[in-house]
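Written below as structure tokens is the structure these notes are about.
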Amino acid sequence: MAKYQFQTEVNQLLKLIIHSMYSNKDIFLREIVSNASDALDKLKYLTVSDDKYKDVAFNPRIDISFNEEKKILSVQDSGIGMDEEDLTNNLGTIARSGTKAFIDMLSKNGSGSSDLIGQFGVGFYSAFMAASKIDVYTRKAAGNGKVLHWSSDGTNSYEIEELTEKSEVYCQYGFDKSETVGSVIEIHLNDDSKDYASRWKIDELIKKYSNHIAFPIYLHYVQTKYNKDGKAEGTENKVDQVNSASALWKRNKSELKKEDYNDFYKTISHDGTDPLMYVHTHAEGTQEYTTLFYVPRTAPFDMYQADYKSGVKLYVKRVFITDDDRELLPSYLRFIRGVIDSEDLPLNVSREILQQNRILETIKTQSVKKLLSEFKKLGDEAKKLEAKTEISDDEKETLEKWHDFVKSYNRPLKEGLYSDFANRDEIAEIIRFKSTADEGNCENKWTSFADYVQRMKPDQKSIYYISGSDEKNLRSSPLLEAYKKKGFEVLIMADDIDDIVIPAYGKYKDFELKSVSRAGSDEELGVDKEEAKKKEEAFKPVQEKIKKALEGRVKDVVLSKRLSDSPSCIVVDENDPSLQMERMMKAMGQGGGDFVKPILEINADHAIVKKLEGHVSEDFVKNVSEVLLDQALLVSGAELKDPADFVKSLNSLLAE
């Protein structure tokens, strides 16, 4: 046998699986059966779309057998099969970016992370939780006819050889018939897992995890025969179908229970927990299609990775087409898991045609509208429940469901404000924000644009918000002082994308969205213009001193209308990117230096600023000015370019 080394990441993953993960060992059978189903899906599609596979006899089935004495469990499928290259690519390497981060996450979470293995797409390796050794026997459909044997004990390497007709398993698994294609996963169970070589255990796990696999699963076992007196008189080989093998999404909703939906979700998502919610739609008319979408209870681990995996499978007349097309739903709904099944697309539809297909575009448009409608409905229901003093257990569950939804998916939905112009008004009704009002000031308290507008002051013309990277810092920002005194509510936006999507959205209904950290956003604060003019004249000498001291570091120094307690704050010019945006651009490797110079606003009534009046030394003015700017930057969440200079200026002032 030719010997090969596992890729480093596979080695690390196998060590974790073998030594750390036993919390839910049962899932290994779910993963192996799910892979068998995928292999059948691929072959089914190729037999109707690729001339090379037209003559392949497609008899879809999954057969499970076991040997209690030898502690062997075998799962055989009649799917696409593998050649040597497939074995190396599929079983020897992990061809996904983010693998290291994924393995680190598994290491931290320990045994509770076994479900993540399937979600990452490496479910085959989960079998090593129960195996001391795994053998794979496979023949690729429409290939060269070779039967290959892959073998590993889960340590550093694996072996591949061509299986000869003399081999015992050649006939055992039917490879003596040239039409037999597909793969056999033969699991040699370790001492802690020998109970999996049992008819009742296998039957229980298939019904629990794989009942809705769309192909028949047969369990082979030996049954003892008894005569009418109850005495054993030999054995017989039996084969029972142990799953329903139906396309659940095509069944009538009235036939299905919540448990059916939850079980099917676990089958297609490799997630061990129940979904947060599901949306099942059957459309008839000019186009006929069925969709079944799920929202996971917790956000998929790759939701913010550039190479996230689509969670939606496309079928045509129940024939699997693809599960790797990101165009099936917009990217801001990438957390959705589920199935789209069209009756109108051609079976041999190609990936290139899919991307520009009008039928699929219509399904996508209607699916997005349906999902957004259901999200809004859940939010509206939760709002009513929050107003009640007493709620039932079912109502409490609905409320918790909404809170979980907002925590996990508020941020990606915000992306839709920027990217989905057609649905931005619908999305604006769903997304939620923290706020300076009571309605948005703790963990499970959020507010919407609509609620904000209802609470606005009669003469208020704009919706105010403050953005940054830390909610706590934003709430204590000096920029809020005058708005709070005036009774204006300010939305707290601490997501990293808020500075991109909110300015792009611009307006909610007739109300402009204004950042309190921008120059000019203080126009509604009701300052007496005559009084302000007098103050500006009186402040000019101090203003000129500070400007001179901070030359090159600030765009301007102005008298503040919004500060009452703090000595200073920074804002940015209306046409400049925010400081948060500057940080994001730097993180992406764009913009070398400090390309945004802030405007420093000064509270002329503050005791520190008063000390700059009269004849004081230039060094004193410089130290005070530097501290006023640097502390304003710190409060805004910015990093100081030179902390040592800040400390030096501060120490000089403390010494005086």
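The values are calculated or read from the model by the stated rules, or taken from the named source; none is laboratory data. In this text the structure is predicted, and so the values were computed from the model without any measurement. Note that each Cβ is placed from the backbone with ideal geometry, even for glycine, and that neighbours are counted across all protein chains shown. Please note that ligands, DNA and RNA were not included when accessible areas were found on the heavy atoms of the full protein model with its side chains. Shrake-Rupley method; radii C 1.70, N 1.55, O 1.52, S 1.80 Å.
Quick notes
- Per-residue ³J(HN,Hα) for segment 611-617, Karplus 6.51 cos²θ - 1.76 cosθ + 1.60, θ = phi - 60°, Hz, x for Gly and Pro: 5, 7, 6, x, 8, 10, 5
- Normalised radius of gyration (Cα atoms, divided by 2.2 N^0.38 Å) for segment 143-229: 1.42.
- Counted without the sites themselves, the longest stretch of the chain free of chymotrypsin sites (Phe, Trp or Tyr not before Pro) in a DSSP loop having at most 13 other beta carbon atoms within 10 Å is 1-303.
- Calculated diffusion of segment 40-138, Stokes-Einstein form, Kirkwood radius summed over Cα pairs, 20 °C and 1.002 mPa s, µm²/s: 132
- Share of carbon and sulfur in the accessible heavy-atom surface of the chain [1.4 Å probe, %]: 46
- Placing one equal scatterer on every Cα of segment 471-560 and applying the Debye formula, the log10 ratio I(q)/I(0) at q = 0.16, 0.22, 0.26 Å⁻¹ is -0.89, -1.23, -1.33.
- Kirkwood hydrodynamic radius of segment 1-77, from inverse mean 1/r over distinct Cα pairs, in Å: 15.8
- Amide H partners (placed H, <5 Å) of TYR315, local residues excluded: ILE321, ILE340, ASP341, SER342
- When each of LYS71/LYS201; LYS253/LYS383; LYS42/LYS309; LYS407/LYS434 is checked by Cα-Cα distance, pairs over 19 Å: LYS253/LYS383
- The modelled label-to-label distance for the pair LYS534/LYS485, using points 7 Å beyond Cα in the direction of Cβ, is 1.7 nm.
- Under 20 Å from LYS534, Cα to Cα: aspartates and glutamates that are on another chain or at least 8 residues apart: ASP522, GLU523, GLU524, GLU544, ASP556, GLU601, ASP605, GLU613
- Trypsin sites (Lys or Arg not before Pro) within segment 604-656, DSSP loop, no more than 15 other Cβ atoms inside 10 Å: LYS611, LYS641
- Cleavage-rule hits, GluC sites (Glu not before Pro), segment 153-182, DSSP coil, Cβ neighbours within 10 Å at most 16: GLU165, GLU179
- Here the dipole of the chain is about 580 debye; that uses its Cα centre as origin and unit charges on the Cβ of Lys and Arg (positive) and Asp and Glu (negative).
- Mean projected area of the convex hull spanned by the Cα atoms of the chain, taken over all viewing directions: 39.5 nm².
- Taken per residue, the accessible surface of segment 349-431 reaches 55 Å², heavy atoms only and a 1.4 Å probe.
- Unit Cα scatterers, Debye sum, segment 170-316: log10 I(q)/I(0) for q = 0.15 Å⁻¹: -1.04
- Per-residue ellipticity at 222 nm from helix content only, as computed over the chain with -39500 (n - 2.57) for each DSSP H run of at least four residues, stands at -11500 deg cm²/dmol.
- Set LYS529/LYS622; LYS250/LYS370; LYS133/LYS313 screened for pairs whose C-alpha atoms are more than 25 Å apart: LYS529/LYS622; LYS133/LYS313
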